[in-house]
Every structure is written in C-alpha cells, then in structure tokens.
1. At a Förster distance of 25 Å, what's the computed FRET efficiency of A:V104 paired with A:V317, Cβ-Cβ distance as r, to 0.05?
2. Per residue of the stretch A:433-438, in order, report the coupling 6.51 cos²θ - 1.76 cosθ + 1.60 (Karplus, θ = phi - 60°) as ³J(HN,Hα) in whole Hz, putting x for Gly and Pro.
3. Between A:N409 and A:Q94, what length in nm is gained on full extension when 0.36 nm per residue of separation is reduced by their alpha carbon distance?
4. Arranged from highest to lowest average of other beta-carbon atoms within 10 Å per residue, in what order do the peptides B:151-161, A:350-360 appear?
5. In what sequence, highest mean first, do B:171-181, B:38-48, A:90-100 appear when ranked by Cβ atoms within 10 angstrom?
6. Between A:V238 and A:A38, what is 0.36 nm times their sequence separation minus the Cα-Cα distance? Round to one decimal in nm.
7. Quick one: which residues, 5 or more positions from B:S173 or on another chain, have an amide H under 5 Å from its amide H? H modelled 1.01 Å from N in the peptide plane, none for Pro or chain starts.
8. Shielding of A:27-33 by partners, i.e. mean partner chain Cβ atoms within 10 Å per residue?
Amino acid sequence: MSAQPAAADILKTAGNLRREVGDGFHDHLVEALYTDAAQIADRAVARPDAPPRFDLDRAIDRLVTSRTWGFPIMVLLLTGVFWLTIQGANVPSQMLATLLLDTVHPALKDLGAALGFPWWLSGVLFDGAYLAMAWVVSVMLPPMAIFFPVFTLLEDFGYLPRVAFNLDRLFSRAGAHGKQALSMTMGFGCNAAGVVATRVIDSPRERLIAIITNNFAVCNGRWPTLIMVSTIFIGSAVPAALAGLVSALAVVGIAVLGVLLTFAVSWFLSRTMLKGEASVFSLELPPYRPPRILQTLYTSLIDRTIIVLWRAVTMSVPAGIVIWLISNVTLGGQSIAEHLVTGLDGVGWLLGLNGVILVAYIVAIPANEIIIPTVLMLTVLAAGLTGVGEGAGVMFEAESNTTIRDILNAGGWTTLTAVNLMLFSLIHNPCSTTILTIYNETKSKKWTAVATLLPLLLGFAVTLTTATLARALGLV
Amino acid sequence: MTVTDSLPHQSACATCPMNRHLERLGVNMEDWDYVVALAGNPNTGKSTVFNALTGLRQHTGNWPGKTVARAEGGFIYGDKRYKLVDLPGTYSLLAASVDEEIARDFILFGQPDVTVVVVDATRLERNLNLALQVLEITDKAVICLNLMDEAKRHGLTIDDRRLARDLGVPVISTVARRGEGIRELIAMVHDVATGEVKPRPHRIPATQDDALNRAVERLTGQIQAAFPGLPNARWVALRLLDGDAQIERAIRDGSLGDLSRGDEPQSVVDRLMVAEVHA
C-alpha cells in the first residue's frame, strides 16, 4: 500500500513540528476554542438586565446538599418512599393473592383433574411452576408498581446527582470514585444494571471497586423479602399505629447499612487488592426539572416494572418446578428437601438462621425474588405442619401476615432469625444474572470470583457475629 | 412514495416539508439510507430528543452520564430511512475518557451523514465548546438548541438566527420534552442529509502565531496529499500536533486511509461494537 510510507512521513513531520511548536500548543488550542465559544455565545444570548432576585434551584440545592441537612433529607426521602410502598402495596397484594391463588389455582387443579392429569404432572405444573409464578407476581408487582415510579420521579426531578454530590466526599475518603454513587443508586433498582452503569467510571481500579461493592445496594429482588420480614417481625413488635413507619425504618436501616458496607469494603479494597489514589472528576448538578408525571409513570412501568417482573416470572417457573421436585422425590423415606434442610440446619443455627433459609438461598440463586415463598414452603414441610397450605412442596399464599408469622414461629423462628435473614439478604452473593454481567464487564474470572465470594463470606461473618452475640447476651 | 411525489398539482400544503410522511421505527431499522449521530453535553436532553425522533421510550434520567453506551433507533422521513445513533454525552472530544473516545470515533470513523449536536440553551457557552469541536470534524451538522423552555424560565432570549450565522450550520430551537421543534429538526436533518442544505461550519481561526500557522499548514498539506478526500485534514493535523496517540494509531494502521477512500474502517466498527449494551 502506498499509504504506509506516507503515513510514516506524516508522523515524522508531526513529531518534528510538535517539538517546534512546543508544550504550549494544547493550551493554545483549548484557549482558542473557549474564546470562540464565549464570543459566539455572547452574541447570541441576551440576558435580563437585573439578575433574578430569588433562584429557586439554588435555594433547593443549598438545602439538599448542605452538610447539616443533606443526609437527614436523604434518609427522610428514602423512608417516605418505602413507607408509601409498604402501606400502598398491602391491599393490592392481598387482592392479587386472592385472585391468583384462591381462585385460579383451584380452578387449574380442577381442570387438571378433569383432563385426567396424573398427580405428578398436575403437581409439577400447578403446585410447582404456576404457584411459584403466582406468588412472585402477587408479592412483587404492587410494591414495584409503587416504588419504581416514585423513585423515577425523584430521579427525573434531578435529585440523584445531589445524592452523588453528598456521597462524593465519603467515596473519595474510601479511595473510590465519586461516580460510584451513581452506579450504586442504579444498583438499588437492579445490581446487574448497576454493574453496567459503572462504565461511567474511567479508572479500571475504581471501576472494579464499584463493581464488587454494587451488590451492597439492595436490589428490587430483595426489597420484598426485607419488607415482608420487617412487617411481620419488627412492625408487629410495636403498636399498630407505628407498625408501618417502624417497618419502613427497619428497611431503610438495612439499606443504609448497605451503603456503609459499600464505603467500608471500598476502603478495604483500595488499601489491599486495589491500591491507588481516588481520581478527581467534575459532576454537574443539573437544573431541577418538573417531572412529566404521566410519561414517567408510563416509562417506569414499561421499562422497569414489567421487565423486572418478567425476569422474576421466568426465573420462578423453573425454580417452582425444582422446589416441587425436591420436596416430592424421596430418598430413603425422606424428601431431598428434608435431607438438605437437615444437613444445613447445623450451619444455619450457627449463623442465627436455619437450614430452610440456606436451602432457599441455594434454590434462589437465579432470582432472589422467590426467597420468601421458598422459605414458607420448606418450613411447612420441615416443621411437619398440617392443615396449613396445601401439603408437600406446594407454595401457597398464607391468608395473612399473622398466619405467616404462626408458620414461621412453628418453624422455630425468633426475632434473631428475622434480623439475620434481613442481614443475610443484604450481604450474600449476587444473583446469577449479576454474576454473569460482572464477568461480561470485567472479562476476568478472578474478579468475578472475588465479587461473588467476598459478600458471601462477609455475610457468614456478620450473621455468625450477631447470632453469637445475641446468644451470649441471652437475648434469644 | 410520499404524498408530495404523487400529487400532480401541488398545493402549498402538499409541498410543505411539514407534511412529508414521518414514521417512527423504534429499534426496527434493517436497511437505512442515512445515519444520524446525536452528540451533546451530558444532561442536555439528548436521550429525550432521541426518543422524540424514534418514538422509542428509552428511559431518560435527569443526571449526567446516563447513556453509557450507544443506543440506536430509526425513523422514516420523506421516503428515506434514517438510523439514529445516540452517543454518550461528553463535554469535549479530546478523547480523555472512554465516552469521549466512543463519541469522537463514531463521528470521525463512523462518518454519519448528519451529526445533530444537542445544545443546552441555558448553558450555551459551555455547550458550544463541544459543538465547535464537532464542527471541526464534520461539515454535515445541525445544532438542536434544546431546553428553550428553561432558557425562557431563566429570562434568557437566544437569537437562533444569529447563532446559525456565526456557526455556519442550521440551528433549530426545540423543547424536546414536549415535542416542540422536532418536526422542524427532522426536516432539517433530511435537508442536510440529502445535500439540499450545505452547511459551511465555523472553524477555529488561525492564530496570531505565524510559526504555528506555518506548522499547521505544512502538516495539513502533507495529510491532504496522502489521504485525498479526507474531509477534515486540518483537524487531523491539529490533533497530531497535540500528540493525540489515537489519531497517530489511525494513521499508522491505515484506518484514516480507509476513511479517505470512503470505506468504513472495520477495526473501528469492531471497537465500537464493544460498547453495545449487553444487559
């Protein structure tokens, strides 16, 4: 190709000329650019003579990013969002459960009987796959349909960059990039999305820190577990009037703990495996924009709620089948599930959890959304309860929160179990989708393994500590 | 066929570009006649403009850096199919970071038929820094002066005709959130793509420093000789004098040569593919 020698020539000339024009060239270029931009802008824009007396944007910014009020306002807003979600989701959840579980499920069973299905086929299809899906829809749809639009409205209003601004100082003290606040915020919706969002971070070191710690942002697959356990065990410990608020605060507490863990683990990583200085960046605080409410409702429903729900549904169907199978296939007189639960009970006890919860976490690696249904089903099985639910391996919607509490109490649950389940729900391995995304983004087996195992080990350590402490202090 | 083409007696309304057939294609764009790139500073409403043009409802967020990779969509206008590529928002194209690199490589090597620079009317000066850099690389650009409602709210009046004259490219005022000005923007994109409108963009003027001007001229001449047909030899010369390693690489591996012959350099297409979203 004739271009090759010419290319070498050009590069040589450029090299020589570069030495001639000297180091000031870059500044020169940028300056010329800025001067032009300033001149053109100046000619085109007419400003009002008097500056506006009161700038609302700036007034709001002073408040929400102030050193004193920034954090309290953040916690207040989050609590408000969860309170709305918890209070608002109750009634539609019950209605969906009545429809899908009390009406459609028996109808399907009748249909199976009418068509002459063998017991195992109708078991796998209706008691396994269908019930798991119905459970996920009735538990997840209402909170998501409230949480996502409200959160999206906050986002559209322009609050998220202020959160990043508030957190930036803490992140840089932890040796991490301030933009990690943005990917963390995305993680509150979905960790896989949060991991993809770390692309805004340029430094590979800081990006890895952001990827590994993203799991500590509670994702929507875990909100329902936290909300339910907190409603049943923590909300019910206080007067009814306060129950909603206290449950919301407990959920916020776990979320805030997740943020603190993000800082702690980032700090640890930036001083051990991923040493280095935090890089500087500029973050523009965009103007506040009145959100377009109807459009936001539509997009957050289509983009987030339906997509996330669909994922949960597709994950729950095979999981439901697995649950039904392991509870109905017997080895030596006991079902596989019972073998697993008994085998893990010892470890579970040490961690202040139980075998049922650990088995549920293994079954739910593809989707954390199905933890609660799995736990309930396995508890009924392990505790040998009769007259509740629908028998072996059938996931069911308990009539009310009191019934769920009764079942769990019969399974030997205490407040410690509930608290540790909430902790473990925050601190354990990411779901399989997130693990896959981490691998796609890092292309490294090593860092994928670190991102998977580090939170799991940390979760074991934390629950072991709280369990041992609670027992030593005689609380349990 | 458009309405315009099929009518024998054309009334004023039938020939008005506003009445050309417009169809939003979402992500469905198999073959296209023109590629349109969407560039701009972060948080200027680029994704909102993207959605307004394609009919897609890609989530838009009021925070910078939301679009971390390219998003693509399409629309039909007149009888032409347009593929629209939403580039990551950047403050400059000096390729200091991955998103700047993606944006610049696409405008330089992807050779879009039109580049729409979305500009925040309330922060015109800073936004023009990027716009001027885009105009250094490509002639075929349209400025979308967005967020005009906010500018009004802040009491700013912007003379868009003056701006268009100074920049040498068409300027369309929009409020993308409400769809205002989008028809006009599409019509202008069409005119620039088809060559009905030929912008002659403003270029950063020569400096007072004669030695420097001579250096730029000499290098530009050499580049033009080696790569005839390259639309932005002067910009390449400036980048080389600034010690831009990527441009040096593009010269060495021949992708700049491909560009001057009108081929899309494969290596760059591959590199751009890396940026596609997986999740």
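1. 0.95
2. 3J(HN,Hα) across the stretch A:433-438, in whole Hz: 4, 5, 4, 4, 5, 4.
3. Details: separation 315, 0.36 × 315 = 113.40 nm, distance 2.18 nm.
The span from A:N409 to A:Q94 would gain 111.2 nm if fully extended.
4. Working: B:151-161: 15.5, A:350-360: 24.2.
Per-residue mean Cβ counts within 10 Å order the peptides as A:350-360, B:151-161.
5. Details: B:171-181: 19.6, B:38-48: 25.5, A:90-100: 15.9.
Descending mean neighbour count gives B:38-48, B:171-181, A:90-100.
6. Working: separation 200, 0.36 × 200 = 72.00 nm, distance 6.20 nm.
Here the segment from A:V238 to A:A38 would lengthen by 65.8 nm.
7. B:L145
8. 5
Read-outs: derived from the displayed coordinates by stated rules, not from any lab. The structure presented is a predicted model; accordingly, all values stated were derived computationally and were not measured. Cβ coordinates were reconstructed from backbone atoms using ideal geometry, including for glycine residues, and neighbour counts include every protein chain displayed.
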